[in-house]
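First the structure, in the form of structure tokens, and then the observations on it.
Derivation of every value follows stated rules applied to the coordinates shown; laboratory data play no part. Worth saying up front: this structure is predicted, and the values here are computed from it rather than measured. Neighbour counts are summed over all protein chains in view; Cβ atoms, including those assigned to glycine, are modelled from backbone coordinates with ideal geometry.
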Amino acid sequence: MTRNQSIMDVIQKRYSCRTFKGDPLSAQVVELLSRSVSENPSGPFKSVIRFQRIAGTQESMNAMKGLGTYGFIKAPSGFIVGAVKKGPFDLEDYGYAMETILLSATRIGLGTCWLGGTFTKSVFANKMEAGPDEIVPAVAAFGEIAEKSRMTEKIIRWGARASTRKPWSALFFDRSFHAILGSVEAGPYQTPLEMVRIGPSASNKQPWRIVRDFPFFHFYLQRTSGYYERNKKYFGMADMQRIDMGIAMCHFELTCQELSLKGEWVTDDPRLTNLPDLTTYVTSYRAMAP
């Protein structure tokens, strides 16, 4: 257990673990995880979110059926479940807040895995007593990491290209989408951007795009054609790529904070022309003087 390791180390260490030991967690680990969950972290858009830790019972495992590869989760100690009040940026905030908890779980030595879906009418929603104005768009499995990954997990991770990420040239840009932002040119923001680049995303699609126009870093969502529509039709999934944007924002801001790079989230659409297809503005991070 390394509770004091840097957020950069934690982000790099965490991966989507699907094979757990199934052993009971120590009282100390349960207490630390429960503390992170009970803090109910929010996101930049201040959506109302609440989280709960649920045991990995057969009932909760049954709720995973029909979720494609997510159904291959084995022997988790439990699940982190959240309910967010419906709103314009509810999913972005949910992604930000849940990732904050999962990074805390990684810091205390646990494995975790994002599980996207529509859980609003599931056992998870019942446990949360989710109201009609709330949704449960994703949950996360947690537990002690099994020493040896099963072959099934290796195949799933290979199929999702879990160990690969898009290069900088595909994700980060300078003042417009026509000029690539190199890692050296990013200066002190090289590390926060790198922590975004290596972050988790549904099917490893990495839908985030960032345009630097200092002091602003404009965050855009570049959708994968047909991805949301297909997953909603066949698996009932929520809009996971919006949740991915929240995860990216979480990685960026937490890393900036640790590096003493002050800033704040603002809505300041630069109204760039000739945006790539399926690309929309989400929010901006404004850097501030130390």
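From the alpha carbon centroid of segment 90-107 to that of segment 229-259 is 9 Å. Note on LYS233 and SER260: the extension gain reaches 5.3 nm, defined as 0.36 nm multiplied by sequence separation minus the Cα-Cα distance. Mean residue ellipticity at 222 nm, helices only, the chain: -9500 deg cm²/dmol; runs of at least 4 DSSP H residues each add -39,500 (n - 2.57), and the sum is divided by the number of residues.
Tell me, what is the FRET efficiency for SER225 and ASN274 to the nearest 0.05, using R0 = 22 angstrom and their Cβ-Cβ distance as r? Walk me through the intermediate numbers first.
On the way: r = 18 Å, r/R0 = 0.84.
Here the calculated transfer efficiency is 0.75.
Would you mind calculating the relative contact order of the chain from Cα pairs under 8 angstrom and at least 6 residues apart, reporting the percent as a whole number? The value is 20 percent. Using a cut-off of 27 Å between Cα atoms, the listed pairs LYS13/LYS233; LYS86/LYS166; LYS85/LYS166; LYS74/LYS205; LYS205/LYS233; LYS46/LYS262 include LYS13/LYS233; LYS86/LYS166; LYS85/LYS166 as exceeding that distance. Sorting 252-258, 238-244 by their mean Cβ neighbour count within 10 Å, with the most densely packed peptide first, gives 238-244, 252-258.
Ordered by the count of other Cβ atoms within 10 Å of each Cβ, fewest first, PHE214, PHE172 give PHE214, PHE172. Most tightly packed first, judged by the mean number of other beta-carbon atoms within 10 Å of their residues, the peptides 100-113, 125-138 read 100-113, 125-138. Scanning the chain for long hydrophobic helices, with DSSP H runs required to stretch 20 angstrom or more by C-alpha along their axis and to average at least 0.0 on the Kyte-Doolittle scale, returns 240-258.
What ranking of VAL184, VAL282, VAL30, VAL84 emerges when the number of other C-beta atoms within 10 Å of each C-beta is taken as an exposure proxy, fewest first?
Listing VAL184, VAL282, VAL30, VAL84 from fewest to most nearby Cβ atoms yields VAL184, VAL30, VAL282, VAL84.
If only the Cβ of Lys and Arg carry +1 and only the Cβ of Asp and Glu carry -1, the dipole of the chain around its Cα centre is close to 820 debye.
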